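Everything below concerns the one structure shown next.
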Amino acid sequence: MTQCESMASKQGGGGPQGMLPSYGRCSRKAKIGSLCTQHDQVRRREAARKARRHEAVHAWEAARKARRQDVPDVAVAAPAKPKTKTPAKPKTKAPKPKPTPTEPTPKPRSLTGKIAERVTSTAGLITEIERLVKWALADLCSLGEAEEIDPDRLRIVCTLEPPKNSAGTSKSDRDTLGHFTQYDCWESSDGLKYRAININPFLLTHFSAADLARTCYHEAIHAWDDWRGVRDAASNGRHNAKFAAACGASGVLECERVQDSRGYITPGFTPRGLEMLEQIEPKAPSHFRIAQPAKAKKPTAKRVTLECDGCGMKAGVPIGKYTEQLARLSKDVTDMMLSQADGTQPAVMRCMACDQGMFPPQDFMV
């Protein structure tokens, strides 16, 4: 007898009425057992699904991380081959080749070094001019007149300045090699005033070492004469006979007279000057200033003065207008003397006061 039947007999026989409760309880237990089994299966399936999902997510994250880091996917390692030992080769040291002598490779220069090479000044040229001026003044002091002169009067600054101190467009900036200022034009922080020996920087491109020394000695003679109170040049720069006498006394520069505004020039050195030039060994200029192109000047209208024969009234007329009107009245005026005396000149204009003809000067020619 089963457990259900025994329980049914205890409760009131094996009739149908006594079996109903037992069948109900048994069926509930069976149902509960089957439900538990189903729940276990569902839990196991859910756990397996979660495990597969977790593995998929982990694999996807690993692949994304590998793509970000550009790391190649790990391939499945092939089975390792059995290692076979190869016989070791005898060690022999090969002779090292002797290094061939080559030029040392220059090290790359830094930006600071490149800047230092590209920034310069005219200090070296100024120093050379100063050295040559001191040499020239020392030679001039050997003439024997320096004892009578106050040394405090001689203070000179050597500069690189054009005569007009412009952009090199004026005529004097293109012609004057150097000039000495006969007045104090510089002052130090101590209150001392100086005169200047200026070398024209626009003409240094044509200077040799001898030309620079000759120009410095030339200007030193001006400073020497100014120191002695001798006026050796006019206000317009024309050199007079006193400058020529100072050149002759020095015995270093040749002096010649020219028929222009310069008066006297120093074209070269004397034999004594050439010997001294070999001793001092001057240096040629390293820099020169670039002159700007001169601007074209507008042509100015030239005028001729006409005078009335009757009352003497004068009037200025442009030459072009006068010759144009004269050509209308005369056929050939190319080589004609325009004068009232020869009677060939027609009266181009008439005086407003006396109605007489007005004529240009007798020496006027078209």
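The values are calculated or read from the model by the stated rules, or taken from the named source; none is laboratory data. Keep in mind that what you see is a predicted model, and the values were worked out from it rather than measured. We place every Cβ from the backbone using ideal geometry, glycine too, and count neighbours over all the protein chains shown. All accessible areas refer to the heavy atoms of the entire protein, side chains included, with ligands and DNA or RNA removed. Shrake-Rupley method; radii C 1.70, N 1.55, O 1.52, S 1.80 Å.
Does residue 168 meet the test of being modelled with pLDDT of 90 or more and either in a strand (DSSP E or B) or on the phi > 0 side of the Ramachandran plot (or both)? Taking the combined requirement at face value, the residue does not satisfy it. With respect to (1) among the hydrophobic types (A, V, I, L, M, F, W, C); (2) open to solvent by 80 Å² or more (accessible area, probe 1.4 Å); (3) in a loop (DSSP other than H, G, I, E, B); (4) at pLDDT 80 or above, the lone exception for residue 274 is condition (3). Right, residue 221: part of a strand (DSSP E or B), open to solvent by less than 20 Å² (accessible area, probe 1.4 Å) and within 23 Å of residue 276 (Cα to Cα) or not? Answer is no for this residue. Could you please let me know if residue 160 is modelled with pLDDT of 90 or more and under 41 Å from the mean Cα position of the chain (by Cα)? Yes: the conditions hold for residue 160. Out of segment 249-267, which residues are small (Gly, Ala, Ser) and surrounded by 13 or more Cβ atoms within 10 Å (Cβ to Cβ)? Selection gives 249, 250, 251, 263.
Take the conditions at pLDDT 90 or above and not charged (D, E, K, R) and apply them to residue 217. Does it pass? Spelling it out, residue 217 is indeed at pLDDT 90 or above and not charged (D, E, K, R).
Here 283, 314 are screened, and the one residue that is within 23 Å of residue 128 (Cβ to Cβ) and open to solvent by 80 Å² or more (accessible area, probe 1.4 Å) is 283. Could you list all residues from segment 229-276 that are touching a residue at least 60 places away in the same chain (Cβ under 8 Å), under 42 Å from the mean Cα position of the chain (by Cα) and over 23 Å from residue 183 (Cβ atoms)? 252, 276 - these are the residues of segment 229-276 that are touching a residue at least 60 places away in the same chain (Cβ under 8 Å), under 42 Å from the mean Cα position of the chain (by Cα) and over 23 Å from residue 183 (Cβ atoms). Within segment 288-333, the residues that satisfy the criterion of being at pLDDT 75 or above and among the small types (Gly, Ala, Ser) are 291, 312, 315, 316, 320, 327.
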